[in-house]
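Reading through the structure tokens given below for one structure.
Read-outs: derived from the displayed coordinates by stated rules, not from any lab. Given the structure is predicted, the values throughout are model-derived calculations rather than measurements. All Cβ positions, glycine included, derive from the backbone under ideal geometry; neighbour counts span all protein chains shown.
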Amino acid sequence: MRKILKKTDGFTLIEMIAVLMIMGVVGAVVLSRMNSAGFFEKTGEAKKVIGHLRYAQLKSMKKVTVNEQWCLNLNSSTTYWLYKNVSPYTKVILPGESVDTVTLTMIRLTPQTICFDSFGSAGTATLTICNDPTITIEANTGFIH
């Protein structure tokens with residue numbers, strides 16, 4: 001007598017189609033939410049601000065003179081500039097910019113002055129610079145995210 005073996009591993013065609021349909025619906029919902037309200041534009045501007053903060057931080061850590069300190073002056077919710085040492089009016093042009101004052105259109109910053117020390121720290125308090133999307137500088141470590 002011969003036994004007839006049935007192959008039972010694998011997925012049926014109906015199961016695969018159902019999974020693909022569910023993935024398509026979830027993907028469409030996620031994509032529509034990401035495109036609403038300038039998601040990519042906001043993210044791009046936030047990454048530019050983070051890059052400028054890191055630039056100021058690195059310049060402070062790579063100081064040439066003893067008391068050299070680099071700061072970003074977020075003077076309004078839509079503009080900021082980089083300066084060296086004490087005077088916030090001696091502006092320095094940031095990399096990738098053609099003018100000394102950067103103007104934002106999609107995100108709003110909390111007006112404040114952020115100075116980094118020679119260790120890259122912006123102080124002993126955690127600073128939140130923007131809420132949508134969130135930009136934070138961690139206390140003591142200066143980690144920017």
Hypothetical label at Lys91: residues of segment 98-134 whose amide nitrogen lies under 11 Å (7 Å Cα-Cβ projection)
98-103
For the chain, take the longest principal axis of its alpha carbons; what is the angle in degrees between that and the long axis of helix 39-61, to the nearest 10 within 0 to 90?
50
What is the sum of charges around Gly142, taking Lys and Arg as +1, Asp and Glu as -1, for the other residues whose C-beta is under 15 Å from the C-beta of Gly142?
+2
Disulfide-incompatible cysteines by the Cβ rule (no partner under 4.7 Å) in the chain:
Cys130
Under 16 Å between C-alpha atoms is the cut-off here; go through the chain and count lysine pairs that meet it, provided they're at least eight residues apart or on different chains.
4
Can you find, among Phe40, Ile135, Ile50, the residue sitting farthest towards the positive end of the charge dipole of the chain, where Lys and Arg contribute +1 and Asp and Glu -1 at Cβ?
Phe40
To the nearest 10 degrees, the tilt of helix 13-35 (Cα long axis) against the first principal axis of the alpha carbons of the chain is 20
At the level of C-alpha centres, the distance separating segment 123-145 and segment 48-64, in angstrom, is 14
The chain, Gaussian network, Cα under 10 Å: of Gly96, Gly123, Gly24, the residue fluctuating most is Gly24
Expressed in nm to one decimal, what extension gain is obtained for the pair Thr113 and Glu15 from 0.36 nm per residue of sequence separation less their Cα-Cα distance?
29.5 nm
Quick calc: nm separation of the 7 Å Cα→Cβ label points for Thr103 and Met23 -> 4.6
Calculate the spin-label point distance for Thr134 paired with Leu31, positioning each point 7 Å from the Cα along the beta-carbon direction, and give it in nanometres.
2.9
Given the options Asn75, Thr101, Met61, identify the residue whose Cα lies farthest towards the positive end of the charge dipole of segment 45-137 (+1 on Cβ of Lys, Arg; -1 on Cβ of Asp, Glu).
Met61
Given the Cα-Cα distance of Thr124 and Thr65 and 0.36 nm per residue of separation, how much length would full extension add, in nm?
18.9 nm
If each DSSP helix of 4+ residues adds -39,500 (n - 2.57) and the sum is divided by the residues in the chain, what number results at 222 nm, nearest 500 deg cm²/dmol?
-11000 deg cm²/dmol
Charge dipole magnitude, Cβ of K and R +1, D and E -1 - the chain, Cα centre, debye nearest 20:
660
